[in-house]
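Participant: Have a look at the structure that comes next, please.
The values are calculated or read from the model by the stated rules, or taken from the named source; none is laboratory data. Quick caveat, the model's predicted, so the values are computed rather than measured. Ideal geometry is used to build each Cβ from the backbone, glycine not excepted, and the neighbour counts take in all protein chains shown.
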Amino acid sequence: MMSAIMLMSVLLEVHGVVVDPTGRRVEGALVACENQTSTTDQQGAFRFADSAGCDAKISKPGFSKQTATLDSTKDNEVTLNIAPASERVVVSAAGAPVALEEAGVAAEIFTAKDLEARQYTPVSDVLRDVAGLNVVQTGSGGGLVSVFTRGGDSNGGLVLLDGVPLTAPGGDFDYVSLTTPGLERIEVVRGPESALFGAEASSGIIQMFTKHGDPESTIPHGTFAYDRGSFSSDHWTAGIDGGFSNKLDYALIADQHRTTGEFPNNAFRNTTGTANLGFHLSDNTTLRAIYRTWDSYSGTPGQTYYGLYDLQADQLARDAALTVRLDDTRGKRYTQHATFSYHRNRTRSIDTNLDSATASALVTTTPASGPGTFDRTYLAALVPSTTVAPARTTLVTASTYPFPYDSLSLTDRTIGTYQGILTHRGGDLVVGYEYERQAGVISTYDVERQNHGITLYDQYALGRYIFLSGGARIEHSSVFGSRFAPRGAVSFRLPAETYFRVSLARGILEPTLLESFAREQYYVGNPNLRPQKTDSFEAGLFREWFGRRVQTEASYFRNRYTDLIEYSSATYPGTFQNVNAAWSRGVELTGSVRLKQSIALRGGYTHLRTRIVSSATGSQIGTELLRRPRNSGSVGLQVTPRRWTFLIGARFVGERADNDFFFGVNRNPAYQYAYLSGSFQVNKHVAPYVRVNNLSNESYQEALGYAAWSRNATGGVRVTW
């Protein structure tokens, strides 16, 4: 009798293992079987006694939740798929979804919930809280917004929308019109990624993913939001998404922001539209089309901090990006993507001002203290021209000189790509080919160049503790020939949920169309320019503490920039040459704490040093790169109980080198910036919200001479159904 009971207890036992798509065992997965739960051990194994079977639910952060039928009569194996929308899984770093700890990169991920908590601020505002990035707006409203990654030039970061480059050929990009409504996710990868993305990812990439509809949702879901605020601003967003017949999914959204601004000729209007349509040909094949466009007008008043107002200058921009993509899965191990994309940007800048303006200021200068140091000139105060300069200050009076212009920038890209992902026992092998035609109107002439890129990139796990990541891209251009861009990284899994990574990479940045093809009276392009190069080394340490409630990461990087392109007037007409070289090195510290399920604290800090080591302008050698602060950081507290959301944050940007090209000021002082936002879910459909920017009413300049807005607030209501 006892033997029979023991035999029945053995038979009534459910056991098995949990693996990832590569077949590797998954430790720490939660398996729920009826009223029992089990966490997989180091071998990915789980076990339930006294159970004949059940429909179990399996989950782990970084993976999609899975339901599986478990049976006591067999060895059960459950495969967890990597979740592309996870906070700890990145798509852009390796060409396929991979856990951040194994990717060998420093990256930041913002999900739809993060964007909603911020009340859908512009993309540039989201990026300000990323360690290693410095966001600079030349003014306010519709003023030019640039992003510097780890000390690199502002054109060194590639901006992508669902895989489509939005940057102009050569990397120039204005972030001011990028909005977050309609986005599902933003990934920021710091460090060269030319091994995957070619000749415009020399410092990093910023990739945005648009929202998908649900093909099973036959009843449409909609949203409408409207808010008003300071400086006569108003903003509306309207969207709808859903599906039809389990075959079609759609997501459509439109968004407009308008303001008169705080200063004369500071008006800004930006209208954005996004459409994402997917047709599921079968369970394994999907055809998807994505279109996003924006149209903007902005007044450009000039150096408002100095009281200089240009009332006749403005800019009109129109941008459109289209992608048609076929996603196809062949069996369990091979996935392929074929993409056609087109991007076009048209920007017209006009200034009919014929009047000059004069201003006076007191400046102070700290003389160079020895070799390797330089005079530092600061703005002390704006004063009347009749002021007698106090001791240790100098009175400077300067005037603007009118230069009327009407310039048109017109660029477009046509891209065809193929990518295949082969899942093997150790990870994923990515192979790809890309053809790109870049064109534009330069000096009234139609110009173009063609690029071909071949990529091979692999993720490979040596057991459970060593993860290799690396590959290369060969980029061939009709202008600069062939270049080789490799990248390699290794991550080690150490005890106590600790990961250590080391990587080496090369980034390349091709010349702009203007630098290659200009034919003006006073300057011409140089068809013999070489791509700029970034050679990078990085080491990082990531750890989770206290049951994953605390996450910390520290990164150290060294970048060496060579063949930097600089304009030279040594000959007539002037032209562009590969003469500059520089370096940057720094430390990034980031962390997050989940105090409770609804309370989270996150922060970041960057220490950065830069130097110019070669330049056609001898006086620049040994100086810091402009607009890269030595110290910067941010902190934010987010509280999200069931019905309301509260977010408060602050940023610090340290003193940095700059040039106002007016008073001779070359140092921009540090500043602090605070903000808060909140919303309350009145019911399942209605939620009022509010946001306050520059909470402490700080007077500061992100670019010398260009004043940022003072304290401002917006409030509105969001309706969903």
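Participant: In this structure, is Ala103 at pLDDT 85 or above and more than 30 Å from Thr714 (Cβ to Cβ)?
Facilitator: Numbers: at pLDDT 85 or above: yes; more than 30 Å from Thr714 (Cβ to Cβ): yes.
Considered against the rule, which asks whether it is at pLDDT 85 or above and more than 30 Å from Thr714 (Cβ to Cβ), Ala103 comes out as yes.
Participant: Still on this model: So which of Leu695, Leu676 is assigned by TED's automatic domain parsing to the domain that holds Arg643 and either assigned to a loop (DSSP other than H, G, I, E, B) or in contact with a Cys (Cβ under 6 Å, 6 or more places away or on another chain) (or both)? Spell out the reasoning first.
Facilitator: Numbers: Leu676 fails: either assigned to a loop (DSSP other than H, G, I, E, B) or in contact with a Cys (Cβ under 6 Å, 6 or more places away or on another chain) (or both).
After ruling out the rest, the residue left standing is Leu695.
Participant: A further question on this structure: Suppose we filter Ser51, Ser38 for residues that are assigned to a loop (DSSP other than H, G, I, E, B), of a type in the set (S, T, N, Q) and over 33 Å from the mean Cα position of the chain (by Cα); which single one remains? Before you say what the answer is, go through the steps one by one.
Facilitator: Values: Ser38 fails: assigned to a loop (DSSP other than H, G, I, E, B).
From the options Ser51, Ser38, the qualifying one is Ser51.
Participant: Next up: Of all strands (runs of 3 or more DSSP E) completely enclosed by segment 221-275, which ones contain at least 1 residues that are among the polar types (S, T, N, Q), under 22 Å from Asn345 (Cα atoms) and in contact (Cβ under 8 Å) with a residue 12 or more places away in the chain? Lay out the reasoning, then the answer.
Facilitator: Numbers: elements: 221-229, 233-244, 248-259.
Counting at least 1 such residues, we get 248-259.
Participant: Take the conditions touching a helix residue (DSSP H, G or I) at 6+ places or on another chain (Cβ under 9 Å) and within 28 Å of Ala99 (Cα to Cα) and apply them to Ile599. Does it pass?
Facilitator: Details: touching a helix residue (DSSP H, G or I) at 6+ places or on another chain (Cβ under 9 Å): no; within 28 Å of Ala99 (Cα to Cα): yes.
In short, no.
Participant: Counting only residues that are of a type in the set (Lys, Arg) and assigned to a strand (DSSP E or B), how many does segment 319-344 have?
Facilitator: Quick first cut of segment 319-344, residues of a type in the set (Lys, Arg) only: 325, 330, 332-333, 344.
Imposing the further condition that a residue be assigned to a strand (DSSP E or B) reduces the set to 325, 330, 344.
Within segment 319-344, residues that are of a type in the set (Lys, Arg) and assigned to a strand (DSSP E or B) number 3.
Participant: All but one of (1) assigned to a strand (DSSP E or B); (2) buried (at least 16 other Cβ atoms within 10 Å of the Cβ); (3) in contact with a Ser or Thr (Cβ under 7 Å, 6 or more places away or on another chain) hold for Gly664, so report the exception by its number.
Facilitator: (1)
Conditions (1) aromatic (Phe, Trp, Tyr); (2) out of contact with any strand residue (DSSP E or B) (no Cβ under 8 Å at 6 or more places or on another chain); (3) surrounded by 17 or more Cβ atoms within 10 Å (Cβ to Cβ); (4) outside the structural domain of Leu410 (by TED's automatic domain parsing), marked per residue:
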| residue | (1), (2), (3), (4) |
| --- | --- |
| Ser469 | no, no, yes, no |
| Ala472 | no, no, yes, no |
| His476 | no, no, no, no |
| Ala489 | no, no, yes, no |
| Tyr499 | yes, no, yes, no |
| Arg506 | no, no, yes, no |
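Participant: Please go through segment 308-325 and give me each residue that is crowded, with 16+ Cβ neighbours inside 10 Å and farther than 23 Å from Val145 by Cα, ordered by number.
Facilitator: Within segment 308-325, Leu322, Thr323, Arg325 meet the criteria.
Participant: Could you list, in sequence order, the residues of segment 349-380 that are among the small types (Gly, Ala, Ser), within 37 Å of the chain's Cα centre (by Cα) and part of a strand (DSSP E or B)?
Facilitator: Here is the first cut: in segment 349-380, the residues among the small types (Gly, Ala, Ser) are 349, 356-357, 359-361, 368-370, 372, 380.
From the residues that got through so far, the ones that are within 37 Å of the chain's Cα centre (by Cα) too are 349, 372, 380.
Across segment 349-380, the qualifying residues are Ser349, Ala380.
Participant: Which strands (runs of 3 or more DSSP E) does segment 135-217 wholly contain that include 2 or more residues that are among the polar types (S, T, N, Q)? Steps first, please.
Facilitator: On the way: elements: 145-149, 157-161, 183-190, 204-210.
Correct list: 145-149, 204-210.
Participant: Can you pull out every residue in segment 149-165 that is within 14 Å of Ser341 (Cα to Cα) and under 12 Å from the mean Cα position of the chain (by Cα)?
Facilitator: Leu160, Leu161
Participant: Scan segment 370-391 and report the pairs whose first residue is under 18 Å from Val665 (Cα atoms) and whose second residue is in a loop (DSSP other than H, G, I, E, B) and among the aliphatic types (A, V, I, L, M), with Cβ atoms within less than 6 Å and a gap of 6+ or a chain change.
Facilitator: Close Cβ pairs satisfying both conditions: Phe374/Ala368; Asp375/Ala368; Thr377/Val665; Leu379/Val665.
Participant: Suppose we filter Thr358, Thr293 for residues that are free of Cβ contacts under 8 Å to residues at least 40 places away in the same chain, of a type in the set (Val, Ile, Thr), in contact with a strand residue (DSSP E or B) (Cβ under 7 Å, 6 or more places away or on another chain) and surrounded by fewer than 18 Cβ atoms within 10 Å (Cβ to Cβ); which single one remains? Spell out the reasoning first.
Facilitator: Numbers: Thr358 fails: free of Cβ contacts under 8 Å to residues at least 40 places away in the same chain.
Of the residues listed, the single one that is free of Cβ contacts under 8 Å to residues at least 40 places away in the same chain, of a type in the set (Val, Ile, Thr), in contact with a strand residue (DSSP E or B) (Cβ under 7 Å, 6 or more places away or on another chain) and surrounded by fewer than 18 Cβ atoms within 10 Å (Cβ to Cβ) is Thr293.
Participant: Can you name the residue in segment 385-411 that is out of contact with any Gly (no Cβ under 7 Å at 6 or more places or on another chain) and buried (at least 16 other Cβ atoms within 10 Å of the Cβ) and, of all such residues, is nearest to Asp446 (Cα to Cα)?
Facilitator: Once the filter is applied, the top-ranked residue is Ser409.
Participant: Condition first: over 14 Å from Gly156 (Cβ atoms), of a type in the set (S, T, N, Q) and in a strand (DSSP E or B). Now tell me which residues in segment 561-587 satisfy that.
Facilitator: Those that are over 14 Å from Gly156 (Cβ atoms), of a type in the set (S, T, N, Q) and in a strand (DSSP E or B): Ser568, Thr575, Gln577, Asn578.
Participant: Now a separate question. What number goes with the only condition from (1) in contact with an Asp or Glu (Cβ under 8 Å, 6 or more places away or on another chain); (2) outside any strand (DSSP E or B) that Thr73 does not pass?
Facilitator: Here Thr73 meets the rest and fails (1).
Participant: What pairs can you find where one residue is in segment 533-550 and in the same structural domain as Leu601 (by TED's automatic domain parsing), the other is polar (S, T, N, Q) and surrounded by fewer than 21 Cβ atoms within 10 Å (Cβ to Cβ), and their Cβ atoms are less than 6 Å apart, with a gap of 6+ or different chains?
Facilitator: So the pair list comes out as Lys533/Thr562; Arg543/Thr498; Arg543/Thr552; Glu544/Gln551.
Participant: Another one. Got at least one residue in segment 216-224 being surrounded by fewer than 19 Cβ atoms within 10 Å (Cβ to Cβ) and either aromatic (Phe, Trp, Tyr) or closer than 18 Å to Ala117 by Cβ (or both)?
Facilitator: Within segment 216-224, the first condition is being surrounded by fewer than 19 Cβ atoms within 10 Å (Cβ to Cβ), and the residues that meet it are 216-224.
With the extra rule that they be either aromatic (Phe, Trp, Tyr) or closer than 18 Å to Ala117 by Cβ (or both), the set shrinks to 223-224.
For segment 216-224, residues surrounded by fewer than 19 Cβ atoms within 10 Å (Cβ to Cβ) and either aromatic (Phe, Trp, Tyr) or closer than 18 Å to Ala117 by Cβ (or both): present.
Participant: Of all residues in segment 612-658, count the ones that are in contact (Cβ under 8 Å) with a residue 60 or more places away in the chain and outside any strand (DSSP E or B).
Facilitator: The number of residues fulfilling the criteria is 7.
Participant: Take segment 566-592 and flag every residue that is of a type in the set (A, V, I, L, M) and modelled with pLDDT of 95 or more. Show your work before the answer.
Facilitator: Here is the first cut: in segment 566-592, the ones of a type in the set (A, V, I, L, M) are 570, 579, 581-582, 587, 589.
Those that are of a type in the set (A, V, I, L, M) and modelled with pLDDT of 95 or more: Ala581, Ala582, Val587, Leu589.
Participant: With (1) surrounded by 20 or more Cβ atoms within 10 Å (Cβ to Cβ); (2) closer than 22 Å to Thr259 by Cα; (3) touching a Leu at 6+ places or on another chain (Cβ under 9 Å); (4) among the aliphatic types (A, V, I, L, M) as the list, and Ala707 as the residue in question, which single condition is left unmet?
Facilitator: For Ala707, the exception is condition (3).
Participant: Restricting segment 508-550 to residues that are of a type in the set (Asp, Glu) and more than 21 Å from the chain's Cα centre (by Cα), which is surrounded by the fewest Cβ atoms within 10 Å (Cβ to Cβ)?
Facilitator: The initial filter retains those residues of segment 508-550 that are of a type in the set (Asp, Glu), namely 510, 515, 520, 535, 538, 544.
Those left that are additionally more than 21 Å from the chain's Cα centre (by Cα): 515, 520, 544.
Numbers: Glu515: 21, Glu520: 13, Glu544: 17.
By that ranking, first place goes to Glu520.
Participant: Would you check which residues across segment 244-257 are at pLDDT 95 or above and touching an Asp or Glu at 6+ places or on another chain (Cβ under 9 Å) and list them?
Facilitator: Selection gives Asp249, Tyr250, Ala251, Leu252, Ile253, Gln256, His257.
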